[in-house]
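> Can you keep this structure in mind? I'll have questions shortly.
The values are calculated or read from the model by the stated rules, or taken from the named source; none is laboratory data. Being a predicted model, the structure only gives us computed values, none of them experimental. Note: ideal-geometry Cβ built from the backbone for every residue, glycine included; neighbour counts use all protein chains shown.
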């Protein structure tokens, strides 16, 4: 009998499937080893990762702070149509401490600076004279002995900045040719000043009629203010250059806080509510204590921090200018507040009140 054997070939294994199976086993093994290591040493690698994350976050925050620090954030605004409170609560000192002065030395210094400034003016170097005076007054605006320097600095500031002329080498001013479709409001925004200030300088009656190709003078702000409390004077600066000085009335019983303020907003013909009596004055009322102008300021540094309800405004009592009679606000004559109102820019202009 013959026996027949049938040979059945052994099927070949799929090499690809074996490769992926081995790879999967390796990954599972690594995962189990990771969890085992994490169970035995739970804090080691996590601490290192946390430190790296903290360093990364700190570096990022430092970069962000460095970018934001020069800017000032406007506080949350109050409703525009709400009555404006003017109640003051702070009682800072209004007069600086008396110090022993060398009168002869001060007189000689001032005389020398005036001589140098006048020589520059005679040589038609007006901008250099302006820089010399403002540099000499930096930090000394509250010193009564510097009145001659202050007066000349204001005169040069008004002559070079608030006039319709542009002096050579003036970094604060330049001529500008209006482009087609440009609006004065947008041009002023780039300059960081209210558009009405550009209207005043360029004698523009209607800013909507700005013509393409028209040549106008630009100034680069913002305009800031400094109030010398003991002297009852408000000074205006374009950046760090004096351009004006105004007599003011301030808070009775030292109710005008010292410090730095941010101009929050400006209101023309505001409603006024007397914080003492509760009486409300209509915007057009002749006895409205604001004189038709209200510049709201918020405290951001010094004793002014957190103070609200203060402002710069006109008055229905001109005899109060040059006196401490207000509830803490800064009063100006109505003809003066109309100028200051057009110069200070909400969100950019600052007001410093010093003893």
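> Only one of 127, 141, 113, 150 is touching a helix residue (DSSP H, G or I) at 6+ places or on another chain (Cβ under 9 Å), surrounded by 13 or more Cβ atoms within 10 Å (Cβ to Cβ) and in a loop (DSSP other than H, G, I, E, B). Can you tell me which?
141
> What residue, of 278, 306, 299, is touching a strand residue (DSSP E or B) at 6+ places or on another chain (Cβ under 7 Å) and assigned to a loop (DSSP other than H, G, I, E, B)?
306
> Look at residue 344 and say whether it is closer than 27 Å to residue 154 by Cα, touching a residue at least 12 places away in the same chain (Cβ under 8 Å) and outside any loop (DSSP other than H, G, I, E, B).
The answer is no for residue 344.
> Which one of these does residue 315 not meet: (1) in contact with a helix residue (DSSP H, G or I) (Cβ under 8 Å, 6 or more places away or on another chain); (2) part of a strand (DSSP E or B)?
Here residue 315 meets the rest and fails (2).
> Something else about it: Can you find a residue that is part of a loop (DSSP other than H, G, I, E, B) and modelled with pLDDT under 95 anywhere in the stretch 260-269?
Yes, the conditions are met somewhere in the stretch 260-269.
> Looking at the stretch 277-302 only, could you name the residues that are within 29 Å of the chain's Cα centre (by Cα) and surrounded by fewer than 17 Cβ atoms within 10 Å (Cβ to Cβ)?
Across the stretch 277-302, the qualifying residues are 283, 301, 302.
> Identify, by number, the condition in (1) over 24 Å from residue 304 (Cβ atoms); (2) out of contact with any strand residue (DSSP E or B) (no Cβ under 6 Å at 6 or more places or on another chain) that residue 239 doesn't meet.
Here residue 239 meets the rest and fails (1).
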